[in-house]
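As structure tokens, the structure follows; a few thoughts come after it.
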Amino acid sequence: MFDHVLLFTIAAGAALWILLGLQARLRLTRAKHPSLQGHAAIARRIARIMPFYEYGGEKLFACDGAPEEVARQRKTDFERLGAHFSDRAPKTLAAGKAIESGVSDASFVNAHRVPFQFRSEVRRTFPLTNLVDASHGNRVRDLDGNWSYDLSGSYGVNVFGHELYKQCLERGFERAQPLGPVLGAYHPVVNDNVERLRRLSGLDEVSFHMSGTEAVMQAVRLARYHTNRPRIVRFAGAYHGWWDGVQVGIGSQRRATDVYTLRDMHPASLKVLQTRRDIAAVLVSPLQTLHPNRAAPGDATLVSGRDGTGGHDRDRYARWLHQLRSVCSERGIALIMDEVFSGFRLAAGGAQEYFGVAADLVTYGKSLGGGLPVGVLCGTHHFMKRYRDDRPMDVCFARGTFNSHPYVMTCMNEFLRHLESPAVASSYEQLHPLWDRRTATLNRALEERDLPIRLANVGSLLTVHYLAPSRYNWMFQFYLRAHELSLSWTGTGRLIMSHDYTEADFAAVSDRFLAAAEKMRHAGWWWHPPKWSDRANRRQILREMLAARLGGYRTLDASGNAVTGRVR
Ligand code: PMP
């Protein structure tokens, strides 16, 4: 009898344990975004089996079934643009070619400017490179002496304009010169930096690192150390640097079981945070307000339209951050605000100030170095402490040869002083109305001309949306470049504007933008079959991929027929 009771109790306990496990699993599944961004493991598997194929010959200009006349128009303009780039910048292109063979990143970037189906022909015709040797105001110069407006924003570093960073570097170097690159000891300017960073972040302590990626690594490590929990939560689409502890899915080979990628702005994710006991930290990149659950839009994946609706809603995102804040406080989870990009761009106090939410740990980088490489972590005393008084060997180890480099510290100090100057502090009051108005004005002009492009923005960060379900929207980046607007390699997904753009500068950029769009329309790239949609595009591409996988072809011949061969 006793045996039976014991057995029954064990079986009931095991059943309950399994049920609870299943329930937790189900909760996690519900909190995943129904896209590849939300499913890292599936995305990696798909990336492995995705076949390479490309459009050859005439198909390059008519993969959407465009009539001959439209395809001819496209081809003529494609060749005209190619000749324009080659004639305009022969020296730059030759130097770029040399770089590409020796710098793996240059080769990677050049291979990922457009969707892969068009890659070879585009690279042959537009051998583009981003080589520049001077900047002045908001323009940059290539090796052939051509000046372009810089819309690339130096990956977000350039908040205040190149001239400001040149000044920070010059003054900062002068101040650090007597010491030189002595490492390990602190330059006395560190104290002033810490005071300013405390004021800015509202937090107690600071640690210095060499990149935004490293600042994030340290934040995550400290959160695990203090909570004694293994897992962290990030949201679908968000970028937190290239460390494979947070960069999971396509691009990283690690099967990360210690990271949950959950759905941004969704109650199912809150439920996971409310119920699990293994979560050390939630990582938030506030830029996701512009495109929740999606990666920063890049032209290499622009195979159709790009969502022209929605856009950023400050109040809605602020409400979401408040919900996260409150569940993190309840459950002892560290809220890490990754302000590597948003710090100093959305407000002097970054997204914390802009959305009115206080984090436990905040990462900064980019602009803060005054033009030099940097990563900074600010946090509460509780989360920043790296050892325990009662357990002498239980420490959280983090170093870095170049952390607190004297030149970086003095340049940072120049930057922070500039940030806190009354003129800059008051310019932030106008920042959002100013860029909202500029974006709206350009959108109105696009609408009046019936051009299928719109811009969305959060402050000075702009993104281009494409309304036409065209297979060729990625071509717009080349029209912009031909109109002397310089973009980063990801193309039109992110136009990162510096705050030194005057009304006249922005008007000049807008004129070029409109002229580029008119040219693109004139060349027929926005033609699409009647009653066509983004969905129809995606379906067609899926069919092509399946055919490539099953049929074993990698190239379509001049008339668009599959040429058999092995799939690469
Ligand atoms: N976090 C965010 C939000 C970023 O935008 C970036 C850089 N784009 C990083 C982290 C990584 O910074 P870094 O490139 O300096 O390593």
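The values are calculated or read from the model by the stated rules, or taken from the named source; none is laboratory data. On a predicted model such as this, the values are computed, not experimentally measured, just so you know. Neighbour counts run over all protein chains shown; Cβ positions are idealised from the backbone, glycine included. In case anyone asks, the SASA skips ligands and DNA or RNA and just uses the protein heavy atoms, side chains included. Shrake-Rupley method; radii C 1.70, N 1.55, O 1.52, S 1.80 Å.
Could you give every pair whose Cβ atoms fall below 6 Å, whose first residue belongs to the stretch 495-521 and is among the polar types (S, T, N, Q), and whose second residue is in a helix (DSSP H, G or I), counting only separations of at least 6 or pairs across chains?
The qualifying pairs are SER510/LEU442.
Which residue is nearest to LEU485 (Cα to Cα), if the candidates are limited to the stretch 104-139 and must be open to solvent by 70 Å² or more (accessible area, probe 1.4 Å) and of a type in the set (A, V, I, L, M, F, W, C)?
Residues of the stretch 104-139 open to solvent by 70 Å² or more (accessible area, probe 1.4 Å): 104-105, 108, 123-124, 130, 132-133, 136, 139.
From what is left, the residues that are of a type in the set (A, V, I, L, M, F, W, C) are 108, 132.
On the way: PHE108: 22, VAL132: 13 Å.
By that ranking, first place goes to VAL132.
Write out, first by first residue and then by second, each pair whose Cβ atoms fall under 9 Å of each other, whose residues are 6+ apart or on separate chains, and whose first residue, in the stretch 8-28, is closer than 16 Å to TYR260 by Cα while the second is outside any helix (DSSP H, G or I).
ALA24/ARG276; ARG27/ARG276; LEU28/TYR260; LEU28/LEU262; LEU28/ARG276
Which ones in the stretch 175-213 are β-branched (Val, Ile, Thr), away from the ligand (no atom under 16 Å from the Cβ) and in contact (Cβ under 8 Å) with a residue 24 or more places away in the chain? Can you show your working first?
Taking the stretch 175-213 as the starting set, the residues that turn out to be β-branched (Val, Ile, Thr) are 182, 189-190, 194, 206, 213.
If we keep only those that are away from the ligand (no atom under 16 Å from the Cβ) as well, we get 182, 189-190, 194, 206.
The answer is VAL182, VAL189, VAL190, VAL206.
In the stretch 439-489, how many residues are assigned to a helix (DSSP H, G or I) and farther than 19 Å from VAL140 by Cα? Talk me through it step by step, then tell me what you get.
Within the stretch 439-489, the first condition is being assigned to a helix (DSSP H, G or I), and the residues that meet it are 439-448, 473-482.
If we keep only those that are farther than 19 Å from VAL140 by Cα as well, we get 439-448, 473-476.
Number satisfying all stated conditions: 14.
For the stretch 362-413, how many residues are more than 19 Å from the chain's Cα centre (by Cα) and hydroxyl-bearing (Ser, Thr, Tyr)?
Going through the stretch 362-413, the residues more than 19 Å from the chain's Cα centre (by Cα) turn out to be 369-372, 377-413.
Subset that is hydroxyl-bearing (Ser, Thr, Tyr): 380, 387, 401, 404, 407, 410.
Number of matching residues: 6.
Could you pull out the residue among ALA280, ALA359, ALA334 that is within 14 Å of the ligand (Cβ to nearest atom) and in contact (Cβ under 8 Å) with a residue 60 or more places away in the chain? Write out each step before concluding.
Details: ALA280 fails: within 14 Å of the ligand (Cβ to nearest atom); ALA334 fails: within 14 Å of the ligand (Cβ to nearest atom).
From the options ALA280, ALA359, ALA334, the qualifying one is ALA359.
Filter the stretch 140-157 for residues that are open to solvent by less than 80 Å² (accessible area, probe 1.4 Å) and either touching a strand residue (DSSP E or B) at 6+ places or on another chain (Cβ under 7 Å) or aromatic (Phe, Trp, Tyr) (or both) and give the result.
VAL140, ARG141, SER148, TYR149, ASP150, LEU151, SER152, GLY153, GLY156, listed by residue number.
Can you confirm whether GLU163 is open to solvent by 70 Å² or more (accessible area, probe 1.4 Å), more than 16 Å from the ligand (Cβ to nearest atom) and charged (D, E, K, R)?
yes
Whether any residue in the stretch 424-447 is buried (at least 16 other Cβ atoms within 10 Å of the Cβ), closer than 30 Å to TYR225 by Cβ and aliphatic (A, V, I, L, M) is what I want to check.
no
Going by the structure shown, is GLY56 in a helix (DSSP H, G or I) and either under 25 Å from the mean Cα position of the chain (by Cα) or surrounded by 15 or more Cβ atoms within 10 Å (Cβ to Cβ) (or both)?
no
Scan GLY524, GLY491 and give me the residue that is closer than 26 Å to ALA296 by Cα, open to solvent by less than 50 Å² (accessible area, probe 1.4 Å) and at pLDDT 90 or above.
Matching residue, one of GLY524, GLY491: GLY491.
Return the residues of the stretch 218-234 that are more than 12 Å from the ligand (Cβ to nearest atom) and within 19 Å of the chain's Cα centre (by Cα); say none if nothing qualifies.
VAL233
Please give the number of the condition SER86 fails out of (1) surrounded by fewer than 17 Cβ atoms within 10 Å (Cβ to Cβ); (2) out of contact with any helix residue (DSSP H, G or I) (no Cβ under 7 Å at 6 or more places or on another chain); (3) in a helix (DSSP H, G or I); (4) not aliphatic (A, V, I, L, M).
Here SER86 meets the rest and fails (2).
When you go through (1) more than 28 Å from ASP394 (Cα to Cα); (2) at pLDDT below 95; (3) within 12 Å of the ligand (Cβ to nearest atom) one by one for GLN247, which number turns out not to apply?
Among (1) more than 28 Å from ASP394 (Cα to Cα); (2) at pLDDT below 95; (3) within 12 Å of the ligand (Cβ to nearest atom), the lone unmet condition for GLN247 is (1).
Test of understanding: among ARG345, ARG325, which residue is within 14 Å of the ligand (Cβ to nearest atom) and among the charged types (D, E, K, R)?
It is ARG345.
Quick one: SER367 ticks every box in (1) of a type in the set (Gly, Ala, Ser); (2) over 24 Å from GLU214 (Cα atoms); (3) within 16 Å of the ligand (Cβ to nearest atom) bar one, so which box is it?
That leaves (2) as the condition not met.
Report, by residue number, each residue of the stretch 287-307 that is of a type outside the set (A, V, I, L, M), in a loop (DSSP other than H, G, I, E, B) and open to solvent by 40 Å² or more (accessible area, probe 1.4 Å). Even if it seems obvious, please write down each step before you answer.
At the first step, the residues of the stretch 287-307 found to be of a type outside the set (A, V, I, L, M) are 288-289, 291-294, 297-299, 301, 304-307.
After this cut, where a residue has to be in a loop (DSSP other than H, G, I, E, B) as well, the list is 291-294, 297-298, 304-305, 307.
Of everything in the stretch 287-307, those that are of a type outside the set (A, V, I, L, M), in a loop (DSSP other than H, G, I, E, B) and open to solvent by 40 Å² or more (accessible area, probe 1.4 Å) turn out to be PRO292, ARG294, ASP307.
Among the residues of the stretch 250-274, how many are at negative phi, in contact with a Pro (Cβ under 6 Å, 6 or more places away or on another chain) and away from the ligand (no atom under 16 Å from the Cβ)?
1
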